[in-house]
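Read the structure below first, then the notes.
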Amino acid sequence: MNFTTLVPLIGIGDIVVGLSLGSRLFLIAVGLSLIFGVLGVLNFAHGALYMLGAYFALAVTTSVVDNFWLAVVIGALAVGVVGALIEVATIRPLYERAEGELDQLIVTFGFVLIIHELVRFIWGSQPYSMDTPALFDFSVTVGASTFSAYRILVIGLAALVMLSLWLFITRTYFGSLVRGTSSDREMASMLGVDVPRLYTGVFFLGSVLAGLGGALSAPLQSTSPALGDQVIIDAFIIVVIGGLGSMTGAFVGAMIIGLLQSIGPQFIAAGHIAIPFLAMVLVLLFRPEGLFGGIGE
Amino acid sequence: MSGDEDGTRTGLAAFGSAAVTDGWTRERISLLVAIGLVAMAFAPSFQVYLFTEFLIIALFALGFNLLYGYTGLLSFGHGLFFAGGSYGVAIVLRDLGPVIADVVGSGIAPVVTFALAMVIAVMIVVVVAIPVGWLSVRLEEIYFALITLAFGMLGFSFILQNPGGITNGTDGILVLLGSVEIGGMDVRLGDRQLYYFLTLGIVASATYTIWRIVNSPFGAVCKAIRESPDRAAALGIDVTHHRWMTFILSALFVGIAGALMAGLASVASPYHAHWTNSATAVVATVIGGATFFAGPIVGAFIYLYVRWGISRFPALEAHWELFFGALLIAVVLYFKIGAVGGLLLLRERLFGAETSTDGGGETE
């Protein structure tokens, strides 16, 4: 391998693109991981919720108020409400069932189909694009590479979310309830924690994060009904590699996959699609708890 | 319940019992089904195609359910074996067709080639399933679903990557079955009616084989593992080994379904390996009722015919997924016995309790 020709190929621009891809993947993966860590539910519909975030933000800017930031917040919260409704109506009845885990996976898969079709029904199959907010609609040039300032913002916001989540889980009272319930549901319930409400709250939070990821990446990608199907697979890879239930794992995993998607094709023209799946298989076989185990670690 | 409804029910029950005593025996019903299946071949061409597709998806779901309903392992990667079957047939037809024609002479070459292609395709699937299954059965529940999903998508990316030009990337491989001359007549192997009978024969034999498997001591061990892996292990069963064997058998039948699909659709497509195709088996099986032998068959029937029925209405066209999503959730939440369980309940209501005991197909 000739490194003198390879090294200049990785510009700072590629790294920024990779990290911004990783940031939006982190937002969906951390919600998925949080829900699994606390509720034990693998939410197949998480990619669909992410996609819904992008559509909600688009709908708000086009028909309610033409303000990007407001649209992102409203979009993310609306997705949270959808997630909470899904949890209360269809997942809650399954916690006590013996083979509940697989049933929950199948039920949430049902929502993949439903949300996918509803989106097509309301917004059609054509892809939409969203304008970059004016405040960040300029390019940054570092050395030979140029990239959109908005990507830097997305990276910063993801880091901020990571930090706040970590503080929230490890430093607040509610966070300690979440950690306690995650390690022993019955004990927490006996100590007076309202477990069903806490579960709904965590599902809401996880869905808000997915919606936030979707809404924030609307200016960076074309939004179409196929978006959810693609992104859920990336999210599964990330949470498995990082460890189901681990926030640090979701962060590191998301950045690895993001960078692999932006830089990978230059190194390994044939195989960059297969590598994440191969990594997923290897982690499941040799370290099923992931590279980083446990919530809040 | 009002008196009127009670009256209707007793009336129907009386009608049902009368029908049974009048000789609606299992033999007669079987004969009727057989006549119906033959008559199906003379339906309009599109209907023959749809019914053939139903048979293939039914076998796909039956193979999948050997692992899910009978052994308790939910795979989200059986598309890999479906694609293994379809690509096996496509590659043999493309690359070995001329060689075989040289050996056996061009007259019957297409028949020999297709038969050989089916055999090789299933062998390829088994060769893939042996290591994939050996690794996957080490995991349970969600983790099993995830690793099979990963293996399936690994296969999908392998096909897209087109190593050595063997899989032809995103376009997939065109499957041409060719034609043979019988008594001066040119008979196309891919002819709708002929291919329907071929599929019917293979699917019926495979279904009978699966029926024998689940009702054998091997099947009894599967059910024991599904009910309680720990208890099965305590009885001296090598749970992991048995799951592995079931995995290979399950993949084999799914591979046959995939091989048949290549001939029907005239293409081996990378989509066959995608997780959304693996999900087809999950949806059909759950809707039909995973705890019944006939569940996947009835589920596949509902899946294809409801989809076709919905596509008749332009306003609803292409929104059939919405219906299946809602149905899937409703079945899992409130009606785990699925469509077959529903039919059995209905029969119990109509014909009274005495006939409900010969349901036969339950896995309980």
Wholly within the stretch A:192-294, which helices (runs of 4 or more DSSP H) include no fewer than the required count, namely at least 2 residues that are over 23 Å from B:A150 (Cα atoms) and out of contact with any Pro (no Cβ under 6 Å at 6 or more places or on another chain)? A:195-217
Matching option when the condition is more than 7 Å from chain A (Cβ to nearest Cβ) and outside any helix (DSSP H, G or I), among B:T148, B:T167: B:T167
Answer with yes or no whether A:L49 is over 15 Å from the mean Cα position of the chain (by Cα) and among the hydrophobic types (A, V, I, L, M, F, W, C). no
Do we have B:V298 as farther than 16 Å from A:G110 by Cα, more than 10 Å from every other protein chain (Cβ to nearest Cβ), in contact with a helix residue (DSSP H, G or I) (Cβ under 7 Å, 6 or more places away or on another chain) and surrounded by fewer than 19 Cβ atoms within 10 Å (Cβ to Cβ) here? no
Can you tell which of B:T280, B:T276 is within 12 Å of chain A (Cβ to nearest Cβ) and surrounded by fewer than 18 Cβ atoms within 10 Å (Cβ to Cβ)? B:T276
Looking at B:I142, B:I100, which one is in a helix (DSSP H, G or I), at pLDDT below 90 and within 14 Å of chain A (Cβ to nearest Cβ)? B:I142
Taking the stretch A:101-119 and keeping residues over 9 Å from A:F44 (Cα atoms) and at the interface with chain B (Cβ under 7 Å from one of its Cβ atoms) leaves A:E101, A:L102, A:D103, A:L113, A:I114, A:H116, A:E117, A:L118
When the stretch A:180-200 is checked residue by residue, the ones that are more than 13 Å from A:I169 (Cα to Cα), free of Cβ contacts under 8 Å to residues at least 60 places away in the same chain and of a type outside the set (A, V, I, L, M, F, W, C) are A:S183, A:D184, A:R185, A:E186, A:S189, A:G192, A:D194, A:R197
Qualifying positions in the stretch A:83-105 - touching a Phe, Trp or Tyr at 6+ places or on another chain (Cβ under 9 Å) and of a type in the set (A, V, I, L, M): A:A84, A:I86, A:V88, A:I91, A:L102, A:L105
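The values are calculated or read from the model by the stated rules, or taken from the named source; none is laboratory data. Small disclaimer: the values here were computed from a predicted structure and weren't measured. Quick reminder, even Gly has a Cβ in these numbers, built from the backbone with ideal geometry, and neighbours come from all protein chains shown.
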